[in-house]
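Data block below; observations after.
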Amino acid sequence: MILFCIPYAGGGTEAFAGWQEALAPTADVRVAELPGRGARFGERLIEDMPTLVAELAEQCEDLSEDTFAVLGYSFGSTAAYALTLHLQQRRRTPRRLFVGGSRAPFLPRLEPIRHLMADAELVAELGALNGTAPEVLASPDLMSMYLPILRADFKVVETYQPVRERVHCPLTVFGASRDQFVSTEDLSAWAQLGGTDDTEVRIYDGGHFVVHSERARICRAVRADLMLDALNAAS
């Protein structure tokens, strides 16, 4: 089983550090490598969902040869949903879709629009999210490299106009009890897009970046889901 993971806005492979060890041998974790970060630093950034989905689909082209699932967090959740719709149209539906830390994509967009914020406003927003180190936020040089990546990612999701379409696979939703940016109600609305009527919504104690603070618990639950899916497929 391969678990294809898409990180939060501005994130790279480090967003899922430790997941391979936590999920082995149940799953082989593969993290999307997006332009502008990591080994692809300096490449032209992606600013729209169709281009992003095409990029992601190319990265998981070989997954049709194996059983796979898709997982996204925050920005990555909407991208993972759009990717799943794209793949199922091509008869390559994943075993399961995991989404976390984001509002359901069909909900009305909230103000302010982050990709249109002034630099100072966006830096303040990052500080409120509590996922960026203070020394990074305070460094003009680092922020001059980081802000364009964030703007591009925010623009992708803030300009995405999704069809309200169910995925053709089980859906698992997870988030945080104290996420000031994603209410439990808005998170739970994802259940309307699940391929079955028993979509589970899991709430962990923490803030928006609960994907880090509760990594061990989240990974245990993901592993259990993948093992159950494998058993169901074999029966």
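Annotations for the structure displayed:
- Among the residues making up the range 180-200, those that are acidic (D, E) and modelled with pLDDT under 95 are D197, D198, E200.
- Yes/no for G42 being more than 24 Å from H168 (Cα to Cα), out of contact with any strand residue (DSSP E or B) (no Cβ under 6 Å at 6 or more places or on another chain) and touching a residue at least 24 places away in the same chain (Cβ under 8 Å): no
- Output for the range 32-64, where each listed residue is within 13 Å of T84 (Cα to Cα), small (G, A, S) and open to solvent by 20 Å² or more (accessible area, probe 1.4 Å): A54, S64
- Every pair of residues 6+ apart whose Cβ atoms lie under 6 Å, when the first sits in the range 217-235 and is assigned to a helix (DSSP H, G or I) while the second is polar (S, T, N, Q): R223/T26; D225/T172; L226/T26; M227/T26
- Matching residues, the range 148-187, being assigned to a helix (DSSP H, G or I) and either without any contact (Cβ under 8 Å) to a residue 24 or more places away in the chain or of a type in the set (V, I, T) (or both): I149, V156, V157, T184, E185
- Among residues that are touching a helix residue (DSSP H, G or I) at 6+ places or on another chain (Cβ under 9 Å), at pLDDT 95 or above and assigned to a helix (DSSP H, G or I), A104 is not included.
- Residue list for the range 40-70, restricted to those being more than 19 Å from the chain's Cα centre (by Cα) and under 23 Å from R95 (Cβ atoms): D62, S64, E65, D66, T67
- Complete set of residues in the range 87-101 that are open to solvent by 10 Å² or more (accessible area, probe 1.4 Å) and within 16 Å of the chain's Cα centre (by Cα): R96
- Restricting attention to the range 1-31, the residues that are within 16 Å of the chain's Cα centre (by Cα) and either free of Cβ contacts under 8 Å to residues at least 40 places away in the same chain or open to solvent by 60 Å² or more (accessible area, probe 1.4 Å) (or both) add up to 8.
The values are calculated or read from the model by the stated rules, or taken from the named source; none is laboratory data. As the structure is a prediction and not an experimental result, all values here were calculated from the model. Here the Cβ is made from the backbone with ideal geometry for all residues, glycine too, and neighbour counts use every protein chain on show. Side chains included, ligands, DNA and RNA excluded: accessible areas come from the protein's heavy atoms. Shrake-Rupley method; radii C 1.70, N 1.55, O 1.52, S 1.80 Å.
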